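Below: one structure, written as structure tokens.
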Amino acid sequence: MTSQLFILHRKPTAEYMIAGWRRQWSDGGQISSGLPRYLIQKLDARQIGELGEEVSKMCYPFQVPGTHDTYRPRVAYQDGLPSQDMYRRNYFYDAGNGLILFLGEEPWFRIDIYGEAFFQAIKELGISRTVAVEGYNGAAPPDMERNVSCVYSQATMKEDLEKFGLRFSSYGSRGRNGPTIGMALITIAHHQYPDVEMFRLGAMAPMYPFFTASNEPVGITRDHRAFYDIMRRVKSMFKLDIDLSELMGLGEAESQELKETLDKISGTNPGAKEIIERARSEYRVNPFMEAVDMDPALDKTLEDILRNAPENPEGL
């Protein structure tokens, strides 16, 4: 079965991986499905492999009643003849400079098989650290930095992760809570793959518990500001050469639009105004400030200036 779990078409230089999933529970702001897809397109990443036939057979239903073709496998025909076998989309992409991108479909069954395939791929590609990106909805003030939570697979990782403005989750410690796909894989890594370093970054995407006059949810369905706040951490962690200005611009535009909508709602609905104001007052975020690497010569010059400065300058 092992040979059917992961198929590698080409083996690039690989060091880090960003992983996300379509059709999954923890996809608030389309962070898990949308961020990897954005990076695949932006970086012109090329498909290099996929989880194999055994995963497609064992980890998914054929269909779910009442959902039409949402959960059915993909097929293709040409002039009436099948041109492609039934398949599930669990693909690996080479983005260059040691970065691998994974965009998969959350499994419905046999997380043990899915996990074995996923970690086999990590080992065969030679990836040293993997981040799962996911999202959840909440009343986040749209004009503020997104709150980013973290779980991780090995205790030795925490000291490094503490540098990046993260909130370490205690999810499930006070009662029964089922894991997201990212959390489940990290738990498997912790217990079965101690040589694998994997962590999850989950951002809160703004979504409020009321609707507009046109019955649309009040929030941001694809939250580029959350993409940005995750990626500036990942960029620093993995030393990636990627321009995030487009994500910041898209995020600012979406956030401003939502802020204006919330202001209008607050002006006419006292109950909604109370919810919005309470959400802002209770919102807590661990801010991330990227460290600046200074030229050693400049750093020494500044050190000399500070060392030679008078202790009590006149007039101060």
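Using the rule -39500 (n - 2.57) for each DSSP H run of four or more residues, divided by the residues of the chain, the 222 nm mean residue ellipticity is -11500 deg cm²/dmol. Just to be sure I understand: of the beta bridges DSSP finds with both ends in the range 122-267, what percent are antiparallel, rounded to 5? In the range 122-267, DSSP labels about 35 percent of beta bridges as antiparallel. Can you tell me which aspartates and glutamates have their Cα less than 12 Å from the Cα of Lys235? Leave out same-chain residues fewer than eight positions away. List returned: Asp243, Glu290. Look at Trp108, Trp21 and count the other Cβ atoms within 10 Å of each Cβ; fewest to most, that gives Trp108, Trp21.
Within the chain, DSSP assigns beta bridges of which about 50% are antiparallel (rounded to the nearest 5). Each of Met58, Met86, Met204 was scored by other Cβ atoms within 10 Å of its Cβ. Listed from fewest to most, they are Met86, Met58, Met204. A 32 angstrom limit on the alpha carbon distance is what I want to check against. Which of Lys57/Lys163; Lys57/Lys123; Lys239/Lys273; Lys123/Lys163; Lys11/Lys57 exceed it? Among Lys57/Lys163; Lys57/Lys123; Lys239/Lys273; Lys123/Lys163; Lys11/Lys57, the Cα-Cα distance tops 32 Å for Lys57/Lys163; Lys239/Lys273. Separation of the range 234-260 and the range 138-178, taken as the distance between their Cα centroids, equals 20 angstrom. If a/c stays under 1.5 just call it rounded; otherwise compare a/b with b/c (prolate if a/b is bigger, oblate if not). Do that for the chain, with a ≥ b ≥ c from the square roots of the Cα gyration tensor eigenvalues. Here the chain falls in the oblate category.
Among residues other than Leu244 whose Cβ falls under 13 Å from its Cβ, what is the net charge (Lys/Arg +1, Asp/Glu -1)? Before the final figure, lay out the partial values.
On the way: positive: Lys42, Arg225, Arg232, Arg233, Lys235; negative: Asp229, Asp241, Asp243, Glu246, Glu252, Glu290.
Once positives and negatives cancel, what remains is -1.
Each label point was placed 7 Å from the Cα along the Cα-to-Cβ direction; for Asp44 and Arg72 their separation is 3.7 nm.
How much net charge surrounds Trp21 when only other residues with a Cβ under 12 Å from its Cβ are counted (Lys, Arg +1; Asp, Glu -1)?
+2
The residues packed around Ala253, meaning those with a beta-carbon under 13 Å from its beta-carbon, carry a net charge of -4 if Lys and Arg are +1 and Asp and Glu are -1.
When Ser83, Ser56 are sorted by how many other C-beta atoms sit within 10 angstrom of their C-beta, beginning with the fewest, the order is Ser83, Ser56.
Every read-out reported here was derived from the displayed coordinates using simple, explicitly stated rules and does not represent laboratory data. A quick note: this is a predicted structure, and the numbers were derived from the prediction, not measured. So basically every Cβ, Gly included, is an ideal-geometry build from the backbone, and we count neighbours across all protein chains shown.
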